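Notes follow the structure.
Every read-out reported here was derived from the displayed coordinates using simple, explicitly stated rules and does not represent laboratory data. Quantities reported herein were computed from a predicted structural model and do not represent experimental measurements. Every residue, glycine among them, receives a Cβ derived from its backbone with ideal geometry; neighbour counts consider all protein chains shown.
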Amino acid sequence: MLEIRKGTAAKNYENTFFREFAENLKNLFDKYSLDGLLIANSECEAEKRLQIDALLITEKAVCIIDFKNFGGKITLPKNAKSEFDFGKWTNEKGEIIKGGSSINPFIQLKNQKDRFIKVVENQILDRLPTSDCFNPYHTVRTVCFQKQIELIGSIPPKEELNFFIIDKSNYLEKIKDIIDITDKEVSLTKESYDVFKDVFRADIFDLSENYGETTDFTTYETALDFENLYPDQKSALQEIESFLKSEDERFFVLQGTSLSGKTHLIPFIQDVAYNNQIPEARLFASSGRVANNLLKNTNLEFESIYSYIYGGSITNSATEEKEESENQDEDKIDLEIVPLKKSDDTEEAIFIVDESHLISDNYHQSIDLRFGSGKLLKDFIEFADLKNSKRKIIFVGDSFQLSIGKKEESALNPEYLTDEYNFEAKAFQLVDKEKKSPIVAEGLKAVKCIRHQSFNNLKFEISDSLKILSKDELKEGIENSLKSTSSSHILCYSNFDAQKINFWIKNSILKNGNDLTKGDLVIFGNNIRVEDENDPFAEPKKIFNGQFGTVVSVSNTITKTEKLITPLTFREVTINLQKSNHTLSFLSLENFRLSDKGELSKEEIISYKILLAQLAEKELDNFKNGKYHVDEELKDLLQKLADGKRVKTKVTRKIQRALSNMPATDYYKFKNAAQMRFGWALTVHKSMSYKWDEIFFNVETGGGKTNETYFKWIYTGLIRATSKVSLINYTPISPFYKVDLKPTIPSSSNGKDLFYIADASIDLSNLNKEVANKYSFKDDDFKSSLLQLHQFIEGKLTSKKITIDSINHPNYQELYELKGNSGETATISIYYNKKGQFKMPSLMKSQPKEFGEELLNILKADNSLDDFGFIKDNWRVSAYCQLNEILKEKDLTISYIIQAPYKDTVQLIRSGNKLTADLYYDGDGFFSTISALSSTETSLWTDFQLIINDLKNFDGF
């Protein structure tokens, strides 16, 4: 009889074919009365990098099988050993038949066999019955094509006995031949099968159950279309090919904004690698959650960096060899460290890391756990072992999204990679593709501000894709989204905000209180595993941090208080998981769900540690009396404990690690308690790598908005939506966003007796050095006033194409030598007093006479500025241009602007009446304060205040 087990398949077409394959194989075993074990897509905790499509175990043979969804003519590489190892397999269309991340199925199965051998040696051989034997080096490798094929080429003679290529038409016959071979070093009984089942965990496979087969799985094959790539994508591939050929360059950074096509390029990059005789191009994401989301969006399989590079025996920060004190603190938190593995990838492998903005050298550890050095980027580069291999790393990501830690220490910073790790780095930036999505186009407005380091101007265009939701519309909008079949989520700034919104939904929309209730959406904040108590060989169901689920049922509350610093409350819950559709039962830690900060307090973590230690101690007798398996190390520790040695903590740690794999124990259940929160609203940070049809985005943070971090946060949040965004608490940002209007009523002045009044309080000496030197302004008390006069006059003359040739400075008099566009000349005299008051100009001489008369009229007339190019800051040029357009609607015009450090003095005119005001600004691109100096008509100041208040809300922009 053939026992069939199967884990979770990544692709539907494998589900489809495997059912047919398994059923036919079972019939074959039944026909010949054979015993065997078939395990597909198993979970191997001992080596998470070992991912086998199918493992067939029989009395005389063990076979690793890899399924390939191709048919027709298959061309193999040349028969020479080196070429067959690393050459390309192709079909009639010229498509490369890859082996996972490897260039071909042969090298893929070779790597799988190498890892399989290590697992067997470390986890299986010592547990086999003494009458059985198995030499893992005799494991057979088989590639099974799901359609009929015609092979062009052959397998090298040295590989013919342990490597086979079979297809849909002959796999039963070939497998029968493989398992009939007599091998003195392979003899396995059903008892041995249980050992394999324990190491390669998978669920019992029901041949009659519907596993979601696809109607046409042949459509999975897709050729890469190089011709339809954008020009910048083609350029990027050329740069990457050059990088792959380089002896010195080891890092490549491919950056691009949302929908720029960076992730789309990844299979093309793999193809370029294979075409350059690189045997392995492996794909990575920072975590399991990100890897799953990328799989959903791209159909590409990514490894979780955490799962791939970390593992092995967990160590503790305290030295294990130290004798324990008699009164060891129970409330001390011992830091556990998950060590870094050693890479067994091919020496020339390329590692491609997507969503690399989530990877940096930011130090991270939880209160009781650290992975490696605590720096993910450092550990990943150390794992790649660039110094002792020819491996290269390509980081792909969006540097304008929120990152982990400092942007300077990001994996997307080529300068940092070069300086910190002493290898050359190359970089390429893809062009924005704003036309591909109206939502992305709006998000790119924030990106452009970041590029220019200008954070004073951000307004989104309202459309069918993006709208502003008022408080009155909020409840109805969210209520409708909860009823809709399309996916939607609410994004906000902090865990406190998310908690508040989720409880509001519970009470105001669902009206089912604050407690967990059937139908509630939840999100997990930790990684846990749930095992089937009734089947010790079943695949552990993994739940990832950031995964969503729906409450099916809630039952008993369990409160633990004994010897704990603070009470811990658990609930028995049953949750249906999104994506996998598994329905699982486990404990939920209520302390986490009810935390406003979205994390456990230090006191709660210490209490949790104490509780687990208590639960482990209760199981001590079961290890002593032999009920539970005891290895040699634990046996030695138990003896030392019996002898009175201070090893209690070491014993507890060892027991806890053993109990972590015993699902029937209370320790396991409480250790794997879920840290869940309601999941309708979550932070933008938590939402990264997800996509939804619609988002409701609360853009209020309670903090500053005019900085790079906020603009990155806005951009990251917006691009979570694919179809629709509803903004909540949205206020556009403009240069007038921060302005404070001083409501004082200015003094009335007819302004007819004087030409200009300078502001004696400001100093223009440093601002106008060039002008001061050109026209020989004296360094005296009047210098600033005279420079202000110069700005005032130049503002009137520039648009008339009249230039200032020279200025003479007799006592209390300014003599301006002016030139017209056609060579006309004139001298103008302006007298002033110590108060900085300038009398009306008078004409001293002119050639011709008419030019002088025209000049006086220009100077004395009310000016109207339309060109603001003379303003020294680009942001103020733009602001005045926009302000001027709105002023015209109120029949107001800007007569002059006198620039001083962090202050502009502006005069507005309307129907002969004048308003003079000071507009103060800061160094960040914002007007800060506006106060009126004088006005001949109070309505001017009233109207101007209304305009500025509109601009604060961006109504006029």
If one compares the long axis through the Cα atoms of helix 231-245 with the longest principal axis of the Cα atoms of the chain, the angle in degrees, nearest 10, works out at 60 degrees
List the lysines whose Cα lies under 20 Å from the Cα of LYS774, skipping any in the same chain that are fewer than 8 positions away. LYS783, LYS796, LYS801, LYS819, LYS872
Cα-derived Rg over Rh, computed across region 740-952 with Rh taken as Kirkwood radius: 0.95
Trypsin sites (Lys or Arg not before Pro) within region 568-670, DSSP loop, no more than 15 other Cβ atoms inside 10 Å: LYS579, LYS597, LYS627, LYS645, ARG646
For the chain, find the longest principal axis of its Cα atoms and tell me its angle to the long axis of helix 849-860, 0 to 90°, nearest 10. 60 degrees
Give me the dipole magnitude in Debye, nearest 20, for the chain about the Cα centre, with unit charges on the beta carbon: positive for Lys and Arg, negative for Asp and Glu. 1400 debye
Can I get the semi-axes of region 638-677's equivalent ellipsoid? Compute them from the C-alpha gyration tensor as square roots of 5 times the eigenvalues, in angstrom, largest first. 28, 10, 6
Considering only DSSP states other than H, G, I, E and B, which trypsin sites (Lys or Arg not before Pro) in region 402-458 qualify as loop sites with at most 13 other Cβ atoms within 10 Å? LYS406
Compute the helix-to-body angle for 632-642: its Cα long axis versus the longest principal axis of the chain, expressed 0 to 90° and rounded to tens. 90 degrees
The chain - percent relative contact order, Cα under 8 Å, separation 6 or more: 9 percent
Throw me the Rg/Rh for region 224-436, computed over C-alpha atoms with Kirkwood Rh, two decimals. 1.04
So which chymotrypsin sites (Phe, Trp or Tyr not before Pro) in region 363-447 are both in a DSSP loop and have at most 16 other Cβ atoms within 10 Å of their Cβ? TYR363, PHE423
Pull up the cross-link candidates among the aspartates and glutamates for LYS168, meaning alpha carbon to alpha carbon under 14 Å and not fewer than 8 places away within one chain. GLU14, GLU20, GLU23, ASP66, GLU150
Kindly state, to the nearest 0.05, the FRET efficiency for ARG127 paired with ALA664, given R0 = 25 Å and r defined as their beta-carbon distance. 0.80
Summed residue charge, Cβ within 10 Å of TYR308's Cβ, Lys/Arg positive, Asp/Glu negative: +2
Over what distance in Å are the Cα centres of region 276-306 and region 483-550 separated? 25 Å
Helix-only estimate, please: 222 nm mean residue ellipticity of the chain, summing -39500 (n - 2.57) across DSSP H runs of length 4 or more and dividing by its residues, to the nearest 500. -9000 deg cm²/dmol
Region 558-642 - Rg and Dmax from Cα coordinates, angstrom: 17.5, 50
Which stretch or stretches of region 274-304 have amide N atoms under 12 Å from the point lying 7 Å from ASP693's Cα along the Cα→Cβ direction? none
Calculate, for MET1 and GLU603, the FRET efficiency according to 1/(1 + (r/R0)^6) with r their C-beta to C-beta distance and R0 51 Å; round to the nearest 0.05. 0.40
Sort out for me the Cα centre separation of region 632-675 from region 109-130, rounded to whole Å. 26 Å
With only alpha-carbon atoms in the gyration tensor, what are the semi-axes of the equivalent ellipsoid for region 2-219, in Å, largest first? 26, 21, 17
Relative contact order for region 740-952, counting Cα pairs under 8 Å that sit 6 or more residues apart, in percent: 22 percent
